[in-house]
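Peer 1: Input: one structure, supplied below.
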Amino acid sequence: MARDVQITFDCADPTGLAAFWAEALGYHLQDPPEGFESWEEALEAMGVPPESRNDASAVLDPDGSPPRLFFQRVPERKQVKNRVHLDVRAAPGLEGDARMTALEAEAERLVSLGATRLQRYEPAPPLGAGHIVMADPEGNEFCLD
């Protein structure tokens, strides 16, 4: 039986990182519970103290397709390279110069949202199509592929 998968990010600012990934992937912030106009209103009604209202956030694909991305606040900062990372498929079906041009355009867009460009890998046929390694605003590595 196939399982749904949620990808969880440990981070310092769940709301900010969720907003970055929503914009990067074309996702949207998860709606507040039914009956509430905003998360602030829902959290207030639930009795969540103000200092805990940025403990978690989530983003979803607009069509409801998985995976859901969940962001949870943790006290420690990122220490070393990620062992798991996202590959953002920014140039599907493209090859060579056209592929790298599309990846460069996406890298520029994501840098304007707070990402950092780390390294470009040139195409190396037959197996290496080329990609760009990036980091989100909290330093989590991901690839534009």
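The values are calculated or read from the model by the stated rules, or taken from the named source; none is laboratory data. Quantities reported herein were computed from a predicted structural model and do not represent experimental measurements. Cβ: placed from backbone, ideal geometry, glycine included. Neighbour counts: every protein chain shown. Protein only, heavy atoms only, side chains kept; ligands, DNA and RNA dropped before computing areas. Shrake-Rupley method; radii C 1.70, N 1.55, O 1.52, S 1.80 Å.
Peer 1: Return one whole number: the accessible area per residue of the chain in Å², for a 1.4 Å probe.
Peer 2: Counting only protein heavy atoms, the per-residue value for the chain is 63 Å².
Peer 1: What is the sum of charges, Lys and Arg at +1 and Asp and Glu at -1, for the other residues whose Cβ falls under 13 Å from the Cβ of E108? Write out the running numbers ahead of the final one.
Peer 2: On the way: positive: R109, R117, R120; negative: E104, E106.
That sum, taken over residues with Cβ under 13 Å, equals +1.
Peer 1: Take peptides 63-76, 107-120 and line them up by average Cβ neighbours within 10 Å, highest first, as a rough protection proxy. Display every interim value, and only then the final one.
Peer 2: On the way: 63-76: 13.1, 107-120: 14.7.
Ranked by mean Cβ neighbours within 10 Å, highest first: 107-120, 63-76.
Peer 1: Assuming 0.36 nm per residue, please report the length gained on full extension of the stretch E108 to K78 beyond their Cα-Cα distance.
Peer 2: Stretched fully, the E108-K78 segment lengthens by 8.4 nm.
Peer 1: Around F71, what is the net charge, scoring Lys/Arg as +1 and Asp/Glu as -1 over all other residues with Cβ under 10 Å from its Cβ?
Peer 2: Neighbourhood net charge equals -3.
Peer 1: What is the Cα radius of gyration of the chain over 2.2 N^0.38 Å, N being its residue count?
Peer 2: Numbers: Rg = 17.3 Å, N = 145, 2.2 N^0.38 = 14.6 Å.
Taking the Cα Rg and dividing by 2.2 N^0.38 Å, one obtains 1.19.
Peer 1: Right, here's the next one. Where Lys and Arg each count +1 and Asp and Glu each count -1, what net charge lies around Q30 among other residues with Cβ under 12 Å from its Cβ?
Peer 2: Its environment carries a net charge of -1.
Peer 1: Over region 1-47, with every protein chain in place, what whole percent of the accessible area is carbon and sulfur at 1.4 Å, could you tell me? Don't skip to the answer; put the middle values down first.
Peer 2: Numbers: 1590 of 3110 Å².
Taking all protein chains in place, region 1-47 shows 51 percent carbon and sulfur surface.
Peer 1: A follow-up question, please. Which whole-number percent is the relative contact order of the chain (Cα, under 8 Å, 6+ apart)?
Peer 2: Computed value for the chain: 25 percent relative contact order.
Peer 1: Let me ask you something else. Can you tell me the orientation of helix 14-25 relative to the chain, as the angle in degrees between its alpha-carbon axis and the longest Cα principal axis, to the nearest 10?
Peer 2: The two axes meet at around 40 degrees.
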